[in-house]
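Below is one structure, written out as structure tokens, with a few remarks after it.
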Amino acid sequence: MRLRRLLLASLPLLLTPALAAAQVATPPATAHNAEGAKLRQIFADSDEAQLRRNPIQALLRGDPRYADQFGDYITDAYQAGEKAAAEADLAALAKIDRSKLSAEDRISYDTFKYTTQVNLDSYRPDLLKVAVERPIDHFSGFQVFVPDIASGQGAAPFKTLADYDNNLKRLDGYIVYLDRAIGRMRQGLADNITNPKLVMNNVVGQLDALIAQGVEGSTFYKPVTKFPDAVPAADQARLKAAYAAFIRDKLIPAHVRLRDFLKTDYIPKARDAVGLSAMPGGAAYYAYLVRQTTTTDMTPDAIHALGLSEVARIHAEMENVKTRTGFKGTLPQFFEYMRTDPKFAPASAAAMRDEFFAIDKRVLAAVPRDFAIVPKSPLEIRPVPPYKEKTDAGGSYQQGTPDGSRPGVFYYNSYDLPSRFTWGFETLFLHEGIPGHHFQISLAQENTSLPAFQRFGGNTAYVEGWALYSESLGQELGMFTDPYQLYGHLNDEILRAMRLVVDTGIHTKGWTRDQAIKYMLDNSAMGRTDATAEVERYIAIPSQALAYKIGQLTIRKLRTRAETALGAKFDPRAFHAQVLMSGALPMAVLEKKIDDWIATQK
């Protein structure tokens, strides 16, 4: 497929005097007093140690120093090392006098402290047991992640001979990990801590798809089907043989071992109930996950109630759009019309691709209205790889490298085309691509004045909250002129509101899979394929889906607060720069930052 790069660096930086003044008022700190220098050293030391312990994270960041290593994830030694590192970081931070720090350094201090403490809490023995004995699911297992890295189109570079050799060494570690995961799951069976049957059946399907690729058709073989000029011909022949032997003799047997263990030993004894509260320690673990992903102290019950309220509000807006389209009938009938009328189905996968290219062009033309700072990193548009399209989301984003040498990627899912609706394309691109994930993640990575944990780290409430907030900018950016596309935006927003209801319902209120799917179909125009994939996602990765609405509502609340306080002085470009240019902040830290900025502008 032809891939198109979006050269964001060519966009003009339209700085009005008001915006320029706002940026000068709170610049990223470049000079620090003695206390600030000590703080930055703590950050640097912590980051360097973390990269040594987590070589895959370094690889994703474009750091090649540990590219021949995979990491000893899910071992007792690894867990102990992560816990000790968090304790040491907090002890070092306690020696810093926060009152002597600059405003930017105080933001960094608060973010680092909050994030490290929440991370440390995850190593509480009862919580750790629930996490480590369930190392694989169909969303977050390495069997989903590693094929992308090793495909030649993912995070790992394949530009030099060393890159090819390093990949094989890393993949040896992947084989070790897969067998280690089997051992952890055996512990889970003994402790009655398992993933649900349906989640692991999905994993079996993923493994079957990888195994069925064979050797030369394998995703892992793709890098040796085309070499850069820097790899000598003699080495090309050697590498082809080595990759084929690895896939045939090590990789496929490892995937078969895992697949057979799941089918024969694990799934028959796994739990039928889909909620975390159905297993020992599950309720406490879910409560922790809610705090981690939302960066708030909201309870599951409060989040459930918020979701019901948001669903009702968005339904009222949908009624208005329904009226604009001229549809005669009830809202549920309109939902059925939107999900079944053939005119809303993409004509082909190629037509779907071309429409995303066209949306991208329109969005880029409008970006300067709301953004004075855009990433240097380009964005590519690609289909979801076939081996995981059945269980993957409708769209997703893969970050690029800070220097732009590897672009960010917007993935669209063309599986089961009749279940993909053209009315959802604009809002999906705004969320996953521009100005959503691509702007937020790339701008943070490219901001070298930030400490590494702010450039490359983050939390789900901020990252996904920003992306959902970005969807709401559609009308400002000239999107949603067609009422059906506006409906698509509302349908996506109500999806995030329904998530508050369904995720908490599944994990704290005993909801079943079918009950959750029915709720989503009854309250939106989602197709059954999408609703099923969504619900199975909430079952596989509890609480993650809560963060979108919590983050979006926080950012929207802060914008409304700024608009009210500043009146005619409010500039969306200045506001967006304030939200974006400190990296992904916990909600309380972000709120404090914006309140302080409003005070300086007034």
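The values are calculated or read from the model by the stated rules, or taken from the named source; none is laboratory data. All values reported here derive from a predicted model rather than from experimental measurement. Backbone-built Cβ (ideal geometry, glycine too); neighbour counts: all protein chains shown. Just so you know, the surface numbers come from the protein's heavy atoms only, side chains and all, with ligands and any DNA or RNA stripped out. Shrake-Rupley method; radii C 1.70, N 1.55, O 1.52, S 1.80 Å.
Full extension from VAL176 to ASN192: what is 0.36 nm times the residue separation minus their Cα-Cα distance, to one decimal in nm?
My answer for the length gained is 3.3 nm.
Number of Lys-Lys pairs in the stretch 316-441 under 25 Å by Cα, sequence gap 8 or more or different chains?
The number of close lysine pairs in the stretch 316-441 is 5.
Over the C-alpha atoms of the stretch 30-173, what are the Rg and the largest Cα-to-Cα span, Dmax, in Å?
Rg then Dmax for the stretch 30-173, in Å: 17.9, 51.
Tell me, what HN-Hα J-couplings in whole Hz come from the Karplus equation 6.51 cos²θ - 1.76 cosθ + 1.60 at θ = phi - 60° for each residue of the stretch 484-494, using x for Gly and Pro?
For the stretch 484-494, the Karplus curve yields 5, 5, 5, 4, x, 4, 5, 5, 6, 5, 5 Hz.
Rolling a 1.4 Å sphere over the protein heavy atoms, what is the accessible area per residue of the chain, to the nearest Å²?
Value returned for the chain: 38 Å² of accessible area per residue.
Taking a ≥ b ≥ c as the square roots of the eigenvalues of the Cα gyration tensor of the stretch 325-416, is the shape rounded (a/c under 1.5), prolate (a/b larger than b/c) or oblate?
oblate
Taking θ = phi - 60°, what integer Hz values does the Karplus form 6.51 cos²θ - 1.76 cosθ + 1.60 yield along the stretch 97-103, in sequence order, with x for Gly and Pro?
8, 4, 5, 8, 8, 5, 4
Using a 1.4 Å probe over the heavy atoms of the protein chains, calculate the carbon and sulfur portion of the accessible area of the stretch 268-349 as a whole percent.
In the stretch 268-349, the share of accessible area belonging to carbon and sulfur is 57 percent.
Using +1 at the C-beta of Lys and Arg and -1 at the C-beta of Asp and Glu, which of PHE456, ALA84, TYR415 has the Cα lying farthest in the positive direction of the dipole of the chain?
Value: TYR415.
Using a simple spin-label model with points 7 Å from Cα along the Cα→Cβ vector, what separation in nm is obtained for GLN117 and ARG238?
Reported label-point gap for GLN117 and ARG238 is 5.4 nm.
Where does the chain land on Rg(C-alpha)/(2.2 N^0.38 Å)?
Numbers: Rg = 24.0 Å, N = 602, 2.2 N^0.38 = 25.0 Å.
That works out to 0.96 for the chain.
Taking H placed 1.01 Å from N in the peptide plane, check which residues at least 5 places from SER524 or on another chain put their amide H under 5 Å from its amide H.
Those lying under 5 Å, H to H, from SER524: there are none.
Please list, ordered by chain and number, the residues whose modelled amide H lies under 5 Å from the amide H of THR299; skip anything fewer than 5 residues away on the same chain.
For THR299, no residues qualify.
Could you calculate, for the stretch 256-317, the ratio of the Cα radius of gyration to the Kirkwood radius, expressed as Rg to Rh? Numbers along the way, then the final one.
On the way: Rg = 17.6 Å, Rh = 14.7 Å.
A ratio of 1.20.
Which residues does the label zone of THR225 cover in the stretch 366-389, counting backbone N under 18 Å from a point 7 Å along Cα→Cβ?
382-389
How many angstrom lie between the Cα centre of the stretch 541-602 and the Cα centre of the stretch 411-450?
20
Please turn the phi angles of the stretch 520-537 into ³J(HN,Hα) values with the Karplus equation 6.51 cos²θ - 1.76 cosθ + 1.60 (θ = phi - 60°), one per residue in order, whole Hz, x for glycine and proline.
After applying 6.51 cos²θ - 1.76 cosθ + 1.60, I find 6, 5, 5, 10, 7, 9, 4, x, 4, 4, 5, 4, 5, 4, 5, 5, 5, 5 Hz.
When the chain is fully extended, how far beyond the present Cα-Cα distance does LYS328 get from PHE145, taking 0.36 nm per residue of separation?
On the way: separation 183, 0.36 × 183 = 65.88 nm, distance 4.60 nm.
Here the answer is 61.3 nm.
Hey, what number do you get for the chain at 222 nm if only DSSP H runs of n ≥ 4 count, each worth -39500 (n - 2.57), divided across all residues, to the nearest 500?
Dividing the helical sum by the residues of the chain leaves -19000 deg cm²/dmol.
Among the listed pairs LYS100/LYS549; LYS38/LYS593; LYS83/LYS593, which are separated by more than 25 Å between their Cα atoms?
Over 25 Å Cα-Cα: LYS100/LYS549; LYS83/LYS593.
For GLU446, GLU133, what's the largest-to-smallest order of accessible area, 1.4 Å probe?
Result, largest first: GLU446, GLU133.
Pop out the Kirkwood hydrodynamic radius of the stretch 398-530 from its pairwise C-alpha distances, inverse of mean 1/r, in Å to one decimal.
Value: 16.5 Å, from the Cα pair sum.
Rounded to two decimals, what is the ratio between the C-alpha radius of gyration of the stretch 124-245 and 2.2 N^0.38 Å?
It is 1.26.
Ranked highest first by the average count of other Cβ atoms within 10 Å around their residues, in what order do 326-338, 453-465 fall?
My ranking of the peptides, most packed first, is 453-465, 326-338.
Once you keep just the Cα pairs under 8 angstrom separated by 6 or more residues, what percentage relative contact order results for the chain? Write down the numbers at each step before the final one.
Details: 885 pairs, mean separation 114.9, N = 602.
Rounded, it is 19 percent for the chain.
So the label point goes 7 Å from the Cα of LYS343 along Cα→C-beta, right? Which residues of the stretch 460-496 then have their backbone N under 20 Å from it?
480-491
Calculate, axis by axis, the spread of Cα positions in the stretch 151-220 along the three principal axes, and write the results as whole Å, longest axis first.
47, 22, 19
For ASP76 and ARG528, calculate 0.36 nm times their separation in residues minus their Cα-Cα distance, and state this gained length in nm to one decimal.
158.6 nm
Which percent of the accessible heavy-atom area of the stretch 470-538 goes to carbon and sulfur, probe 1.4 angstrom? Present the calculation step by step, with values, prior to reporting the outcome.
On the way: 870 of 1930 Å².
Accessible surface attributable to carbon and sulfur in the stretch 470-538 totals 45 percent.
So what does log10 I(q)/I(0) come out to for the stretch 48-121 at q = 0.20, 0.24, 0.25 Å⁻¹, using the Debye formula with one equal point on every Cα and no solvent?
Summing over Cα pairs of the stretch 48-121 leads to -0.94, -1.08, -1.10.
How many nm separate the modelled label positions at ARG98 and ALA350, each set 7 Å beyond the Cα in the direction of the Cβ?
5.9
In the full protein assembly as shown, how much of THR323 is accessible to a 1.4 Å probe, in Å² to the nearest 10?
Accessible area of THR323: about 100 Å².
Skipping prolines and chain starts, which residues have an amide H placed within reach, meaning under 5 Å, of the one on ILE381, given they are 5 or more residues away or on another chain?
Amide H neighbours of ILE381, under 5 Å, 5+ apart: ARG4, PHE410.
Using only Cα atoms, locate the centre of the stretch 30-62 and the centre of the stretch 316-340, then give the distance between them in Å, rounded to an integer.
Cα centroid to Cα centroid, the span is 52 Å.
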